[in-house]
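*Asks:* Pasting in a structure now, in structure tokens, and then I'll have a few things to ask.
The values are calculated or read from the model by the stated rules, or taken from the named source; none is laboratory data. Quantities reported herein were computed from a predicted structural model and do not represent experimental measurements. Heads up, the Cβs are rebuilt from the backbone with ideal geometry, glycines too, and the neighbour counts pull from every protein chain shown.
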Amino acid sequence: MEEYFELYEQSADSYRSLFCRRCCVYDCDYHGCIDQPKLKISAQNAVALNLKGKDSMINTGRNCGNHCFLGQMSSSSSNGFSKASAISAAFGWNTKARVLCARVYFLCSGNFCEMAKILGDKTCMEVAEMCAHYDINDRSLPKEIRPPPKSRRSRKKKNSRMSISHLQKTTGLGLWLGCTLPFASLCSQNGVVNSVQIKIEPCSHEGPCEPGVCSCVEDGIFCSKLCHCVHEHCKIFFPGCQCQRGRCRTKACPCFCAGRECDIDLCKLCCADEIAARERGAPYDGKSDNMNKDEKQQTSCQNRSIALSKEKHVRMGRSKLSAAGWGLFVEEFVAKDEFIIEYIGEMVSQEEADRRGAVYDKVDRSYLFNLDTKTVIDSTRKGNKTRFINHSKNPNCACKIMNVSSDFRIGLFAIHDIQPHTEVRRITVWVYFCI
């Protein structure tokens with residue numbers, strides 16, 4: 001089956017080069033067309049993810065319908081299919097269809113019923129007979145993506161991955177001064193971390209993540225889902241959280257303490273509603289029908305505000321501060337530590353920001369904010385209403401740089417309760433995270 005995979009690599013090359021794996025769109029406006037590393041290790045990670053808690057359709061014994069192959073398998077054949085039916089079914093498959101079937105077999109871990117749903121015009125019986133005729137099975141997969149054999153003994157293996165707290169103590173990864181403190185007490189500290197973030201570049205290498213080999217180790221950050229290392233064996237891979245829904249804005253949530261928003265691909269428990277909506281093909285706004293506000297907070301993840309654009313209603317108005325012109329006002333109640341709005345603008349390089357900054361200094365007006373070591377946000381020409389927010393000695397919100405799907409994004413969060421029609425005033429010190 002390796003020749004099928006080689007043909008598939010050639011056919012899918014243009015799609016892969018234009019596909020953004022962070023935003024899951026083609027020709028991404030946010031990240032652009034960047035060089036994509038080889039996907040052999042990513043395929044291995046996909047196999048491990050598919051095999052977690054899943055069995056083939058034959059092992060589960062679940063029948064998908066009247067024409068399911070489970071009800072029509074011939075007991076006279078060693079592999080469950082008659083030779084004549086397998087040969088007759090193979091005549092309806094051209095080379096392109098066989099290549100696609102081999103790839104879908106790998107994606108579905110040999111689940112013929114799921115394969116038939118993806119292929120569309122074939123029944124699971126036809127798919128099973130074709131795989132039997134062309135010897136498409138786990139043994140014929142390339143070695144780098146072949147699933148490991150299942151052991152007959154169920155031994156409890158010790159988890160080789162370090163816990164997040166242990167990583168912070170031993171390696172210094174993800175250390176953030178006062179990460180367990182609320183924003184109000186944090187902003188009053190004298191030793192607030194105020195350094196520029198390191199731009200996240202996913203690692204791509206063979207072997208374990210070690211110093212001198214892995215860029216994540218060298219930069220002092222965790223490996224993410226975009227890294228091309230074997231996640232099952234990576235000791236610095238950030239696994240997400242296992243929090244129950246509605247409890248991800250507490251100190252017990254590793255994502256919240258690390259300055260990350262929960263990831264739908266990693267945090268399966270708290271993002272269960274969003275995952276179900278994605279499987280149905282329906283948009284998800286973090287809300288459920290026939291529920292009040294308290295029930296919605298209990299059934300949806302509260303640590304995905306930036307990703308889901310859960311912004312408050314704000315407006316521009318005349319500021320009441322002295323020597324200030326326009327200001328930003330919130331039109332609804334905002335609770336303490338709650339997300340208000342995201343600060344957006346042009347993403348420019350540090351060199352371009354220095355050039356623009358020299359011009360802005362002459363007019364005594366600047367909207368430049370460092371996002372990481374290579375990128376600066378400039379909302380002078382393009383942005384939203386957050387460009388009108390003013391500084392104050394009595395702030396009611398703080399800017400916080402969050403890691404959202406391996407991208408740094410800037411959010412405004414309330415440091416205490418804010419009543420409607422109140423001007424939003426931010427503190428001059430930024431809250432930075434280091435992972």
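*Asks:* Filter the stretch 408-435 down to residues that are part of a strand (DSSP E or B) and over 17 Å from residue 371 (Cβ atoms) and give me whichever is modelled with the lowest pLDDT.
*Replies:* This residue is 425.
*Asks:* Going through the stretch 319-346 one residue at a time, which ones are exposed (fewer than 15 other Cβ atoms within 10 Å of the Cβ) and either free of Cβ contacts under 8 Å to residues at least 60 places away in the same chain or of a type in the set (Gly, Ala, Ser) (or both)?
*Replies:* Answer for the stretch 319-346, where residues must be exposed (fewer than 15 other Cβ atoms within 10 Å of the Cβ) and either free of Cβ contacts under 8 Å to residues at least 60 places away in the same chain or of a type in the set (Gly, Ala, Ser) (or both): 322, 323, 325, 335.
*Asks:* Whether any residue in the stretch 315-325 is more than 27 Å from residue 257 (Cα to Cα) and polar (S, T, N, Q) is what I want to check.
*Replies:* So far as the stretch 315-325 goes, yes, one or more of its residues are more than 27 Å from residue 257 (Cα to Cα) and polar (S, T, N, Q).
*Asks:* Regarding residue 314, is this residue crowded, with 17+ Cβ neighbours inside 10 Å, over 24 Å from residue 253 (Cα atoms), touching a Lys or Arg at 6+ places or on another chain (Cβ under 6 Å) and of a type outside the set (D, E, K, R)?
*Replies:* Criteria met by residue 314.
*Asks:* If you check every pair at least six apart or on different chains, which have Cβ atoms under 7 Å apart with a residue in the stretch 113-124 that is β-branched (Val, Ile, Thr) first and a residue that is part of a loop (DSSP other than H, G, I, E, B) second?
*Replies:* That search, which allows pairs on different chains as well, returns 123/67.
*Asks:* Return the residues of the stretch 335-388 that are in a helix (DSSP H, G or I) and under 28 Å from the mean Cα position of the chain (by Cα); say none if nothing qualifies.
*Replies:* 350, 385, 386, 387
*Asks:* Go through the stretch 390-407 and count every residue that is assigned to a loop (DSSP other than H, G, I, E, B), in contact (Cβ under 8 Å) with a residue 40 or more places away in the chain and farther than 17 Å from residue 370 by Cα.
*Replies:* Selection size over the stretch 390-407: 3.
*Asks:* What number of residues within the stretch 377-406 satisfy the criterion of being more than 12 Å from residue 343 (Cα to Cα) and hydrophobic (A, V, I, L, M, F, W, C)?
*Replies:* Counting residues in the stretch 377-406 that are more than 12 Å from residue 343 (Cα to Cα) and hydrophobic (A, V, I, L, M, F, W, C) gives 2.
*Asks:* Among the residues of the stretch 353-370 satisfying the criterion of being of a type in the set (A, V, I, L, M) and in contact with an Asp or Glu (Cβ under 9 Å, 6 or more places away or on another chain), which is surrounded by the fewest Cβ atoms within 10 Å (Cβ to Cβ)?
*Replies:* Ranking the qualifying residues of the stretch 353-370, first place goes to 368.
*Asks:* Still on this structure, please answer the following. Where residues in the stretch 247-265 are crowded, with 18+ Cβ neighbours inside 10 Å, free of Cβ contacts under 8 Å to residues at least 60 places away in the same chain and of a type outside the set (D, E, K, R), which of them is farthest from residue 215 (Cα to Cα)?
*Replies:* Looking at the filtered set, the residue picked out is 248.
*Asks:* Right, next: Which of the residues belonging to the stretch 225-246 are surrounded by fewer than 22 Cβ atoms within 10 Å (Cβ to Cβ) and either without any contact (Cβ under 8 Å) to a residue 60 or more places away in the chain or among the polar types (S, T, N, Q) (or both)?
*Replies:* 240, 242, 244, 245, 246
*Asks:* Also: Which residues, taken from the stretch 312-356, are of a type in the set (Lys, Arg) and touching a Pro at 6+ places or on another chain (Cβ under 9 Å)?
*Replies:* 336
Per-residue answers, yes or no, for (1) modelled with pLDDT of 75 or more; (2) among the hydroxyl-bearing types (Ser, Thr, Tyr):
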| position | (1), (2) |
| --- | --- |
| 266 | yes, no |
| 282 | no, no |
| 287 | no, no |
| 294 | no, no |
| 304 | yes, no |
| 307 | yes, no |
| 314 | yes, no |
| 319 | yes, yes |
| 330 | yes, no |
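*Asks:* Please list, ordered by first then second residue, the pairs with beta carbon atoms under 7 Å, 6 or more apart or interchain, first in the stretch 296-308 and closer than 13 Å to residue 269 by Cα and of a type in the set (Ser, Thr, Tyr), second outside any loop (DSSP other than H, G, I, E, B) and at pLDDT below 85.
*Replies:* Every condition considered, the pairs that remain are 299/273; 300/273.
*Asks:* Of these, 207, 212, which one is over 19 Å from residue 409 (Cα atoms), out of contact with any Pro (no Cβ under 8 Å at 6 or more places or on another chain) and at pLDDT below 85?
*Replies:* 207
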